[in-house]
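Take a look at the structure set out below.
The values are calculated or read from the model by the stated rules, or taken from the named source; none is laboratory data. Remember, predicted model here, so these are calculated numbers, not experimental data. Every residue, glycine among them, receives a Cβ derived from its backbone with ideal geometry; neighbour counts consider all protein chains shown.
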Amino acid sequence: MHILLTGSTGFIGQTLRQALEHAGHQVHGGVSPHRAPEAPGQVPMDFARDTTPEVWLPRLQGIDAVVNAVGVLRDSPARPIDAVHQHTPCAL
């Protein structure tokens, strides 16, 4: 199964990625556009700005499932809580 895992480089996402890959899944990990991809199949995404379905549709081609492991603890201009926890997941 092809799985898009958002937050794949975070605390929870790293563990999920390993478990999914160990189970035989092809994981397409979401990474911040400010970081260089660390593994094949990583997809740049910005949860602070990618708040419309039109941004996500091309990224979902060939994807069978999505797991959202993105989260922030503090509101900031670079990572607003409303965008990260509401607007972007709804668009996705």
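Things to note:
- Look at segment 11-24: where a residue is touching a residue at least 40 places away in the same chain (Cβ under 8 Å) and surrounded by 15 or more Cβ atoms within 10 Å (Cβ to Cβ), no partner that is assigned to a helix (DSSP H, G or I) and among the aliphatic types (A, V, I, L, M) sits 6+ places away or on another chain with Cβ atoms under 7 Å.
- Filter pass, T88 being of a type in the set (S, T, Y), farther than 17 Å from H2 by Cα and touching an Asp or Glu at 6+ places or on another chain (Cβ under 6 Å): yes
- Where A83 falls short, out of the listed (1) in contact with a Phe, Trp or Tyr (Cβ under 8 Å, 6 or more places away or on another chain); (2) in a loop (DSSP other than H, G, I, E, B): (2)
- Hey, R59 touching a residue at least 24 places away in the same chain (Cβ under 8 Å), basic (K, R) and in a helix (DSSP H, G or I) or not: yes
- Check on V43, of a type in the set (A, V, I, L, M), at pLDDT below 90 and either surrounded by fewer than 16 Cβ atoms within 10 Å (Cβ to Cβ) or within 14 Å of the chain's Cα centre (by Cα) (or both): yes
- In the condition set (1) over 16 Å from G62 (Cβ atoms); (2) not in a loop (DSSP other than H, G, I, E, B), R35 is compliant with all but (2).
- P89 vs. criteria of a type outside the set (G, A, S) and not in a loop (DSSP other than H, G, I, E, B): yes
- Lone unmet requirement of (1) out of contact with any Asp or Glu (no Cβ under 6 Å at 6 or more places or on another chain); (2) without any contact (Cβ under 8 Å) to a residue 12 or more places away in the chain for V67: (2)
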